[in-house]
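Asks: Dropping a structure here in structure tokens format, bear with me for questions.
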Ligand SMILES: C[S@@+](CC[C@H](N)C(=O)[O-])C[C@H]1O[C@@H](n2cnc3c(N)ncnc32)[C@H](O)[C@@H]1O
């Protein structure tokens, strides 16, 4: 993947269009072949879910597909009746050509990620029925997560920006805690910039990532890898409130079902005067509809535990940057910066770094 040369905005837009178009055509054909939603026919999203044998926890995804397909012109959707009408069903050859067109994508997606999307499309029936997990496809090739979290043009940019901001904001003997640090794609550039006098808490809910991190940064000193769940209050997890100078959260806060409540818990961790440096993606690229959407479904025993913030209106899994700005304010944090700027060539990829500050006085909170 080419991340050294910065692409022009039209190139980025063209690449994203190619990926979006392939995903839309794939879904329209999938619904026709697997659920009987052939051209001119209408089905409710419940009928589609039944025809596909969709697990309860994934059912809401069909409604989201319906909204996106309506936006693409391939279908029409009545959101009140949850009824989807197929306007046009692409031939297999058209879907195949659209996938070939994505081979030209160089900056927004690499070959391993493209293969991953294709594998998800091929395995959609099994994924929707919970006979197969997205994780098993995501981690089949380590290059895939690298291309998502570090290797594409936008993630390289936001990781570098995050490292700059954390290095500026962390006091010399301060404490940084990263939530959902995962593969360490953001951790690595931060640790390259941060003096060893700054203590780094690498946290995640998955023991797999924690064990990897302990191995990888065994020599760093002032480094711990430990469990932290953003759904729980910090004190309940044995963490002292107001003990952290900078909280880093890269592509993880959207896991909270209520953005304000999630940010409120993050704010409790911060010392007055401390900062949150968060990375999110504010636009749902359509290949996510047949891949990451399944990862974001609620647990099987809690199928109704869905986002209850702005996302509930249209079934999204991600919030836009302006919605995150509003949520930080509602959680008593003051937004400090939002990067990259709207005129940056990578702005259409919609990955952004938001820095917010916890005021020093409780009155301001
Ligand atoms: C999209 S990945 C983030 C990528 C990460 N920044 C990286 O560089 O790999 C989401 C990460 O958040 C973690 N995660 C998911 N739910 C979480 C929760 N409730 N609390 C904390 N971390 C969570 C996952 O285990 C995963 O490592």
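Each row is one residue, and each column tells you yes or no for (1) farther than 19 Å from residue 65 by Cβ; (2) assigned to a loop (DSSP other than H, G, I, E, B); (3) modelled with pLDDT of 95 or more.
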site	(1), (2), (3)
264	yes, no, yes
268	yes, no, yes
279	yes, no, yes
289	no, no, yes
305	yes, yes, no
311	no, no, yes
318	no, yes, yes
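Asks: Which one of these does residue 179 not meet: (1) within 11 Å of the ligand (Cβ to nearest atom); (2) more than 20 Å from residue 263 (Cβ to Cβ); (3) within 19 Å of the chain's Cα centre (by Cα)?
Replies: (2)
Asks: When the stretch 221-242 is examined, which residues are found to be surrounded by 15 or more Cβ atoms within 10 Å (Cβ to Cβ), in contact with a strand residue (DSSP E or B) (Cβ under 7 Å, 6 or more places away or on another chain) and part of a loop (DSSP other than H, G, I, E, B)?
Replies: Result: 222, 228, 230.
Asks: Right, something else. I'm trying to understand the selection: among the residues of the stretch 249-262, which are touching a helix residue (DSSP H, G or I) at 6+ places or on another chain (Cβ under 6 Å) and either within 15 Å of the ligand (Cβ to nearest atom) or at pLDDT below 95 (or both)?
Replies: Matches in the stretch 249-262: 253, 256, 259, 262.
Asks: Moving on. I want to confirm something. Restricting to the stretch 184-222 and keeping residues that are more than 25 Å from the chain's Cα centre (by Cα) and farther than 24 Å from residue 142 by Cα, which single residue is nearest to the ligand (Cβ to nearest atom)?
Replies: The extreme case among them is 194.
Asks: Among the residues of the stretch 49-57, is there at least one that is under 30 Å from residue 10 (Cβ atoms), surrounded by fewer than 20 Cβ atoms within 10 Å (Cβ to Cβ), modelled with pLDDT of 95 or more and out of contact with any strand residue (DSSP E or B) (no Cβ under 6 Å at 6 or more places or on another chain)?
Replies: Checked the stretch 49-57: no residue is under 30 Å from residue 10 (Cβ atoms), surrounded by fewer than 20 Cβ atoms within 10 Å (Cβ to Cβ), modelled with pLDDT of 95 or more and out of contact with any strand residue (DSSP E or B) (no Cβ under 6 Å at 6 or more places or on another chain).
Asks: Given the structure, is residue 245 within 15 Å of the ligand (Cβ to nearest atom), touching a residue at least 12 places away in the same chain (Cβ under 8 Å), outside any loop (DSSP other than H, G, I, E, B) and within 21 Å of residue 166 (Cβ to Cβ)?
Replies: Spelling it out, it is not the case that residue 245 is within 15 Å of the ligand (Cβ to nearest atom), touching a residue at least 12 places away in the same chain (Cβ under 8 Å), outside any loop (DSSP other than H, G, I, E, B) and within 21 Å of residue 166 (Cβ to Cβ).
Asks: Just need a number here: residues in the stretch 248-262 that are surrounded by 18 or more Cβ atoms within 10 Å (Cβ to Cβ) and in a loop (DSSP other than H, G, I, E, B).
Replies: 3
The values are calculated or read from the model by the stated rules, or taken from the named source; none is laboratory data. Everything numeric here is computed off the predicted structure, so don't read it as measured data. Backbone-built Cβ (ideal geometry, glycine too); neighbour counts: all protein chains shown.
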